[in-house]
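Encoded as structure tokens, the structure appears first; notes follow it.
Values quoted throughout were computed directly from the atomic coordinates according to the rules given, and no laboratory measurement underlies them. What you are looking at is a predicted structure, and each value in this text was computed from that prediction instead of being measured. So basically every Cβ, Gly included, is an ideal-geometry build from the backbone, and we count neighbours across all protein chains shown.
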Amino acid sequence: MKRFILPLFTLVALMGTSCAQDISKSEVPSVVLNAFQQRFEQAKKIEWERKGEVYEVEFDMGLTEFEAWLDHSGQFLRIKEELFGKDLPEGIKSKIASEFVNFRIDDVDKIDEKGKITYKVELDSATEQDRKVTFDEAGEILENNVDW
């Protein structure tokens, strides 16, 4: 039995270090904090996490929820903004209306990965399997997956 305790303890310890850790504002490097504050001056309800060299920040601006990922040098890697379906570009709304007739828009995220904008849309249906669909800005479908 003792032979299993040390490997089990080691495994648990390694799992803990691979997960994101909540951190306080004072633990965020100044270059990361400054980059965030310059871009999102009006941010409220700010929560920081760190996973390795990547800093994730969740925050609100008005009624909108955001998440942003920054590297240790303060460069934005990804920004996710929650949207309402009505805020989708017209091309995407048209594509949904024509190709997903039995679906309704549930959740929408606008993703900015180093300037490349995509929209991740969760579509619900009473008669078909729910879908997670990723669109580019023009309304072209990049991914279309069943939402388990």
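For region 116-137, enumerate the residues that are of a type outside the set (D, E), part of a strand (DSSP E or B) and without any contact (Cβ under 8 Å) to a residue 24 or more places away in the chain. Give the steps one after another, and end with the answer.
As a first pass, look at region 116-137 and keep what is of a type outside the set (D, E): 116-121, 123, 125-127, 129, 131-135.
From the residues that got through so far, the ones that are part of a strand (DSSP E or B) too are 116-121, 123, 131-135.
Scanning region 116-137 gives K116, I117, K120, K132, T134.
For I92, which of the numbered conditions (1) among the aliphatic types (A, V, I, L, M); (2) surrounded by 13 or more Cβ atoms within 10 Å (Cβ to Cβ); (3) touching a Lys or Arg at 6+ places or on another chain (Cβ under 7 Å) fails to hold?
(3)
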